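The values are calculated or read from the model by the stated rules, or taken from the named source; none is laboratory data. Since the structure is predicted, the reported quantities are computational estimates derived from the model, not experimental observations. In this analysis, Cβ positions are derived from the backbone assuming ideal geometry, glycine residues included, and neighbour counts consider all displayed protein chains. The area values use the complete protein model at the heavy-atom level, side chains included, leaving out ligands, DNA and RNA. Shrake-Rupley method; radii C 1.70, N 1.55, O 1.52, S 1.80 Å.
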Amino acid sequence: LTSAIVVGGAVGGLAAARALAACGVEVTVLERRPPGQAEGAGLLLYPPAAQALVRLDALDAFRARSVALTGIATYDQRGRVLNEFDATGFESKYGHPLAGVHRADLMAALAVEVRRGVEVTDVAVGDQARARTPQGWLAADLLVGADGIRSRVREALGLGAEPRRSGWVAWRGITDAPAGFDATTAGVVVGRGRHGGWVPVADGRVYWFLTGNAGETAIPDAIERWATPLPQLIAATPSETLLLNELADRDPDARWGRGPVTLVGDAAHAMLPSLAQGANQALEDAAVLLAEMTARGPSEAAFRAYERRRAARTARIVRLSRQVMPVFQWRRAPARGLRGRLLAIPQRFTDRQGEWLYRGGL
Ligand SMILES: Cc1cc2nc3c(=O)[nH]c(=O)nc-3n(C[C@H](O)[C@H](O)[C@H](O)COP(=O)(O)OP(=O)(O)OC[C@H]3O[C@@H](n4cnc5c(N)ncnc54)[C@H](O)[C@@H]3O)c2cc1C
């Protein structure tokens, strides 16, 4: 029996573990976070992620824990609608709707057993892969690093490339939807030098986010005047449950593995959240990994084939996310005016540009 260690038990790690298990591999998932810690935020998932969940045999569990969305409305801070992105055609065009999901619900849908509270501090690559834990070294035939943007596995492989700090941060929270809230549409608000938004998730809850500048620790009072649901969502969220993260990405690599080791998710291709694609790409990674392991057997050859198939698409998304992010953060009036005009371009003219992203690369 082939054995594998997966380092990191979040979206990428669980999806990769499912792919390995589907190929008959005996998998051990190691996650440094202790048991019982809440999984903070929500996610917007596009049709290719749902296609990946079909391959991973987790679509029904996902559907039961997520909500189908009709689109994304973009507002300015005065509440004027700048753009209404209609996603009602997604299901007929791409087979699946746009969806909102709590990260914890997506992880529950992936249903993989995880050894929590185990931090991997080093990885050694030889005929086998070995992971150092506080309990000693563990060995396996294969190892997948799914340990996020500051990946230890990546570092141990000598792949380098420090994350690139963007100078921005984001707060995230989850709260119950207020009375009268439209729970079928996601929202984005582009303000002066920052943006925010919300995504309805299951059980009448809403995930929201707001960006800021590095060094900011408190949400500025001025947000209260944004004439959209965002201030109400922020006010309803207990402050001790808020997440605050620096936003960073990494220059794309042509490949991200060596010997019996590969990477998935943010460890492989960290990106800024402007296109809401990080978790989507982690799921696509796992589906392609599964396809290559099915074709070649769970092996180094399958890992290299997976990396080759994923490099171009993920690099394109990393670069595009980096280009789009500053536009959402524009501060000065002329730039905001230009942004408003760009957002006013009718969807029939912009739809074809999104095809490659929404149709997927599986
Ligand atoms: C503001 C914001 C909004 C976003 N919105 C979206 C969205 O709408 N849609 C979308 O697709 N993506 C979105 N993303 C991106 C998405 O959250 C990430 O891309 C995704 O979570 C990456 O998953 P991952 O499993 O690769 O890494 P992570 O979620 O970072 O998980 C890595 C896991 O590895 C564990 N770990 C780390 N080091 C070790 C170690 N040494 N030993 C053991 N365990 C370790 C960590 O504890 C963690 O659980 C957003 C990100 C941000 C910041």
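Of the residues in region 292-301, at least one is polar (S, T, N, Q) and farther than 26 Å from A170 by Cβ. In region 167-180, the qualifying residues are those that are open to solvent by 30 Å² or more (accessible area, probe 1.4 Å) and within 15 Å of the ligand (Cβ to nearest atom), and the one that is farthest from L247 (Cα to Cα) is I174. Being under 22 Å from Q277 (Cβ atoms) and open to solvent by 50 Å² or more (accessible area, probe 1.4 Å) is not true of L210. If you go through region 132-149 one residue at a time, do you hit one that is surrounded by fewer than 16 Cβ atoms within 10 Å (Cβ to Cβ), within 13 Å of the ligand (Cβ to nearest atom) and either among the basic types (K, R) or under 21 Å from the mean Cα position of the chain (by Cα) (or both)? Checking region 132-149: not a single residue is surrounded by fewer than 16 Cβ atoms within 10 Å (Cβ to Cβ), within 13 Å of the ligand (Cβ to nearest atom) and either among the basic types (K, R) or under 21 Å from the mean Cα position of the chain (by Cα) (or both).
Checking each residue of region 47-66 against the condition of being hydrophobic (A, V, I, L, M, F, W, C), within 12 Å of the ligand (Cβ to nearest atom) and surrounded by fewer than 24 Cβ atoms within 10 Å (Cβ to Cβ) gives no match. Applying the condition of being within 15 Å of the ligand (Cβ to nearest atom) and part of a strand (DSSP E or B) to region 110-126 and asking which residue is least open to solvent (accessible area, probe 1.4 Å) yields V123.
Looking only at residues of region 181-202 that are part of a loop (DSSP other than H, G, I, E, B) and touching a residue at least 60 places away in the same chain (Cβ under 8 Å), we find that the one that is most open to solvent (accessible area, probe 1.4 Å) is R192. Scanning region 13-46 for residues that are within 7 Å of the ligand (Cβ to nearest atom), open to solvent by 10 Å² or more (accessible area, probe 1.4 Å) and under 26 Å from G361 (Cβ atoms) yields L43, L44. From the list S239, S274, pick out the single residue that is touching a Leu at 6+ places or on another chain (Cβ under 9 Å), among the hydroxyl-bearing types (S, T, Y) and surrounded by fewer than 24 Cβ atoms within 10 Å (Cβ to Cβ). Going through S239, S274 in turn, the sole match is S274.
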